[in-house]
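Engineer: Shown below is the structure under consideration.
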Amino acid sequence: MSKKLETKAGLDFVTDWAYAPSPEDTKHIKLEKQYDLFIDGKFVKPNSKKYFDTVNPATEQKIAEVAEADEKDVDKAVKAARKAFGKWSKTSAKERGKYIYRIARLMQERAREFSIIETMDGGKPIRESRDIDVPLAANHFFYNAGWADKLEYAFPNRNPQPLGVAGQIIPWNFPLLMAAWKIAPALATGNTVVIKPAETTPLTALKLAEVIRDSGLPDGVVNIITGAGKTGAAIVNHPDVNKIAFTGSTDVGKLIQKAIAGTDKKLTLELGGKAANIIFEDAPLDQAVEGIINGIFFNQGHVCCAGSRLFVQEGVADIVIRKLKDRMESLIVGDPLDKNTDIGAINSKEQLGKIQEYIKIGKNEGAEFHQSSCAIPGKGYFCRPTLFLNASQSHRIVQEEIFGPVLTVQTFRTIEEVIEKANNIPYGLSAGIWTDKGSKIFNLSGKMRAGVVWANTYNKFDPTSPFGGYKESGFGREGGLHGLLPYVKL
Ligand code: NAP
Ligand code: MG
């Protein structure tokens with residue numbers, strides 16, 4: 001059934017694949033048995049000679065072995081990045097932009113391969129990798145390529161200069177997209193990079209290393225090294241790194257902040273979230289229900305800005321919950337490579353364990369448990385879409401980030417009450433508001449302590465738009481003009 005996908009370099013990404021990849025297709029995906037570290041423009045063996053497995057969470061099968069970088073490898077990568085910085089920072093801005101455009105175009109050309117690998121390695125539905133993650137990642141390179149020779153307009157009369165070597169550490173929920181968010185602005189502003197993908201999802205970053213090599217980007221400008229938390233810590237602690245950009249959990253973010261205290265390293269932290277998705281009585285309800293579903297079940301709920309706390313105004317609570325339960329019954333949980341799948345595999349056994357633990361906690365706290373009755377595969381890590389009704393503000397399932405397809409539901413009467421409850425949480429990354437009244441949107445979005453507020457929509461991303469948090473969700477912005485700022489001295 002497979003139809004050839006044709007994309008042309010330079011054209012907009014083709015999003016309407018008429019097919020899902022068949023098992024036959026996945027056989028043709030070029031995957032190595034073993035992946036080395038990408039340092040100074042070449043794939044090199046790790047110092048320790050140690051490799052770890054990356055598995056497909058939908059099948060529990062090993063996909064490949066990936067090198068584990070230790071401190072010596074990190075040092076080698078930082079030295080390569082430092083050496084490359086000398087030339088790269090003096091390369092004309094226009095020239096720098098050309099390389100970044102080239103990376104973007106090569107990503108588009110290999111979009112199909114990227115999408116399938118992203119889905120195999122991380123468990124997200126192919127529809128999402130294909131239509132969101134991969135095109136958006138390429139768009140981040142396009143967008144930042146455009147800024148490369150316009151930095152003096154971005155920061156008029158402020159003489160923007162690169163910082164030097166950027167150490168970047170990313171999580172497993174949007175592996176390729178997070179790599180793009182980090183690498184593209186660093187290159188556009190003249191920095192060089194040492195980046196580490198997450199342990200469970202290293203493969204698209206390594207495919208990106210192939211694209212970067214094939215783009216002719218000078219050796220050492222981008223180094224991609226794989227490993228576990230220790231490898232990340234070695235990047236953070238390396239004395240010759242000028243900037244750390246971290247996306248991941250609040251706990252690790254705090255460790256990093258402590259580790260670099262007293263040094264002159266610059267830092268941005270994109271951390272956890274627990275967003276309120278607020279439905280008013282005057283909202284278009286069917287549209288709002290779709291927004292609730294997308295808000296919490298997109299990418300299995302492994303989304304820092306997921307709408308994981310639902311607030312429904314009392315007058316429409318019954319009808320919204322009934323419609324929500326009905327809609328949940330229609331969601332297909334299963335094979336991530338099937339284009340009809342709505343909810344794929346939980347990223348790892350460990351994460352599934354954490355979600356199941358929170359489900360137990362929620363039941364013990366006395367919230368009313370509801371799950372879709374859908375079938376789930378016997379093998380692999382899967383979780384049915386889950387609701388906790390009548391949750392209260394003090395419940396751990398309301399206060400803590402679960403990072404899975406689990407939604408807590410609270411009701412409210414007045415605007416004041418919902419603002420108070422929505423903000424009464426350690427996080428401040430995002431929020432959603434559903435109402436027919438523009439004035440309510442303006443009133444509320446100003447009062448929400450959230451970096452991103454969506455109105456009558458949810459989980460919409462664009463490279464031109466800054467993203468980032470308040471409070472324990474971190475600091476610094478990625479995307480848009482604001483996303484360049486953390487990579488320049490003014
Ligand atoms: P994590 O455990 O904090 O890991 C993030 C990255 O840091 C991984 O590459 C990890 O390596 C590495 N790491 C672990 N310990 C480290 C240490 N001591 N020093 C330096 N690096 C270390 O987070 P995760 O579980 O991968 O991702 C989920 C979290 O990311 C959620 O809290 C989510 O909200 C957050 N997130 C935030 C945003 C945002 O923009 N605000 C976006 C996406 C995700 P290993 O993989 O080997 O452990
Ligand atoms: Mg994996």
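Engineer: Within 10 Å of each candidate Cβ there may be at most 15 other Cβ atoms; applying that plus a DSSP loop requirement, which trypsin sites (Lys or Arg not before Pro) in segment 72-129 survive?
Structural biologist: Taking segment 72-129 and a limit of 15 other Cβ atoms within 10 Å, the loop trypsin sites (Lys or Arg not before Pro) found are Lys90.
Engineer: Only loop residues by DSSP count here, and only those with at most 11 other Cβ atoms within 10 Å; note down the GluC sites (Glu not before Pro) in segment 314-377 that meet that.
Structural biologist: Passing both the DSSP loop test and the Cβ count: no residue.
Engineer: Considering amide H positions built from the backbone, and no H for Pro or chain starts, which residues 5 or more places from Ile63, or on another chain, come under 5 Å of its amide H?
Structural biologist: When sequence neighbours closer than 5 places are left aside, the close amide H contacts are Thr54, Val55, Asn56.
Engineer: Right, another one. Ordered by residue, what ³J(HN,Hα) values in Hz, to whole numbers, does segment 354-365 give under the Karplus form 6.51 cos²θ - 1.76 cosθ + 1.60, where θ = phi - 60° and Gly and Pro are x?
Structural biologist: 5, 5, 5, 4, 5, 5, 4, 4, x, 5, 5, 6
Engineer: In square angstrom, rounded to the nearest 10, how much accessible surface does Asp133 have for a 1.4 Å probe?
Structural biologist: 0
Engineer: Using a simple charge model, +1 on the beta-carbon of Lys and Arg, -1 on the beta-carbon of Asp and Glu, nothing else, what dipole does segment 38-117 show about its Cα centre, in debye to the nearest 20?
Structural biologist: The calculation lands at about 740 debye.
Engineer: Once you place label points 7 Å from the Cα toward the Cβ at Gln356 and Ala228, how far apart are they in nm?
Structural biologist: Result for the modelled spin labels: 2.1 nm.
Engineer: How many percent of DSSP beta bridges within the chain run antiparallel, rounded to 5? Mind dumping the intermediate values first?
Structural biologist: Numbers: 21 of 61 bridges.
In the chain, DSSP labels about 35 percent of beta bridges as antiparallel.
Engineer: Trypsin sites (Lys or Arg not before Pro) within segment 438-490: which are DSSP loop residues with at most 15 other Cβ atoms inside 10 Å? Please list the in-between numbers first.
Structural biologist: Details: sites: Lys440, Lys447, Arg449, Lys460, Lys471, Arg477, Lys489; in loops: Arg449, Lys460, Arg477.
The qualifying sites are Lys460.
Engineer: Leaving out ligands and nucleic acids, and using a 1.4 Å probe, what accessible area per residue does the chain come to in Å²?
Structural biologist: 40
Engineer: State the volume of the convex hull built on the alpha-carbon positions of segment 370-413, expressed per residue in Å³ and rounded to an integer.
Structural biologist: In segment 370-413, the Cα convex hull volume per residue is 80 Å³.
Engineer: Return P(r) of the chain (all Cα-Cα pairs; 10 Å bins starting at 0; whole %; ordered from short to long distances).
Structural biologist: The calculated distribution, bin by bin, is 4, 20, 30, 27, 15, 4, 0.
Engineer: If amide hydrogens are placed 1.01 Å from N in the peptide plane, which non-local residues have theirs closer than 5 Å to the one on Thr411?
Structural biologist: Val312
Engineer: Now, a different point. Any chance you could run the full-extension gain for Lys349 through Lys258? It's 0.36 nm times the residue separation minus the Cα-Cα distance, nm to one decimal.
Structural biologist: Full extension from Lys349 to Lys258 adds 29.8 nm.
Engineer: With both partners inside segment 355-490, how many of the DSSP beta bridges are antiparallel, as a percent to the nearest 5?
Structural biologist: 50
Engineer: Net charge around Lys274, counting only other residues with Cβ within less than 10 Å of its Cβ (Lys, Arg = +1; Asp, Glu = -1)?
Structural biologist: Charge balance near Lys274 sits at -2.
Engineer: Around Ala450, which amide H atoms from residues at least 5 apart in sequence, or from another chain, sit under 5 Å from its own amide H, with H modelled in the peptide plane?
Structural biologist: The list, which skips near neighbours in sequence, is empty: none.
Engineer: What net charge is computed for the residues neighbouring Asp286, neighbours being all others with C-beta under 10 Å from the C-beta of Asp286, Lys and Arg scored +1, Asp and Glu -1? Numbers along the way, then the final one.
Structural biologist: On the way: positive: Lys323, Arg327; negative: Glu290.
Charge balance near Asp286 sits at +1.
Engineer: What's the carbon and sulfur percent of segment 374-490's accessible surface, probe 1.4 angstrom, rounded to a whole number?
Structural biologist: Carbon and sulfur together cover 52 percent of it.
Engineer: Okay, moving on. Return, ordered by residue number, the residues of segment 324-364 whose backbone nitrogen is under 17 Å from a label point located 7 Å along Cα→Cβ of Ser394.
Structural biologist: 362-364
Engineer: With runs of 4+ DSSP H residues as the only contributors, calculate the mean residue ellipticity of the chain at 222 nm using -39,500 (n - 2.57) per run, divided by the residue total and rounded to the nearest 500. Intermediate values should be presented prior to the final figure.
Structural biologist: On the way: 16 runs with 186 residues, N = 490.
Helix-only estimate at 222 nm: -11500 deg cm²/dmol.
Engineer: Multiply the residue separation of Leu481 and Glu368 by 0.36 nm, subtract the distance between their alpha-carbon atoms, and state the gained length in nm to one decimal.
Structural biologist: 36.3 nm
Engineer: Through the Karplus equation 6.51 cos²θ - 1.76 cosθ + 1.60, θ set to phi - 60°, convert the phi angles of segment 130-141 into ³J(HN,Hα) values in whole Hz; use x for Gly and Pro.
Structural biologist: 6, 9, 10, 4, 6, x, 5, 4, 4, 5, 5, 5
Engineer: Follow-up question, since we're still on this one. For Asp326 and Phe52 in one chain, what is 0.36 nm times their gap in residues minus the Cα-Cα distance, to one decimal in nm?
Structural biologist: So the chain would gain 94.4 nm between Asp326 and Phe52.
Engineer: Sticking with this structure for a sec: Label Asn340 and Asp240 with points 7 Å out from Cα along Cα→Cβ: what is the distance between them in nm?
Structural biologist: Distance between the two pseudo-spin positions: 5.6 nm.
Engineer: Right, another one. Using θ = phi - 60° and the Karplus form 6.51 cos²θ - 1.76 cosθ + 1.60, what ³J(HN,Hα) does each residue of segment 328-344 get, whole Hz, x for Gly and Pro?
Structural biologist: 4, 4, 8, 6, 9, 9, x, 3, x, 7, 8, 5, 8, 5, 9, 10, x
Engineer: FRET efficiency for Asp318 and Ser439, Cβ-Cβ distance as r, R0 = 30 Å, nearest 0.05?
Structural biologist: FRET efficiency, Asp318 to Ser439: 0.70.
Engineer: Along the Cα-to-Cβ line of Asp214, 7 Å from the Cα, sits a label point; which residues in segment 168-206 have backbone N less than 16 Å from it?
Structural biologist: Residues passing the 16 Å test: 204-206.
Engineer: Still on this structure, I have one more. Over segment 423-483, what portion of Cα pair distances is larger than 14 Å, expressed as a whole percent?
Structural biologist: On the way: 1048 of 1830 pairs.
Cα-Cα pairs of segment 423-483 separated by over 14 Å account for 57 percent.
The values are calculated or read from the model by the stated rules, or taken from the named source; none is laboratory data. Bear in mind that the values here come from a model prediction, so they are computed numbers and not experimental data. Methodologically, a virtual Cβ is constructed for each residue, glycine included, from the backbone with ideal geometry; neighbour enumeration extends over all protein chains shown. Note: areas computed on protein heavy atoms with side chains; ligands, DNA, RNA excluded. Shrake-Rupley method; radii C 1.70, N 1.55, O 1.52, S 1.80 Å.
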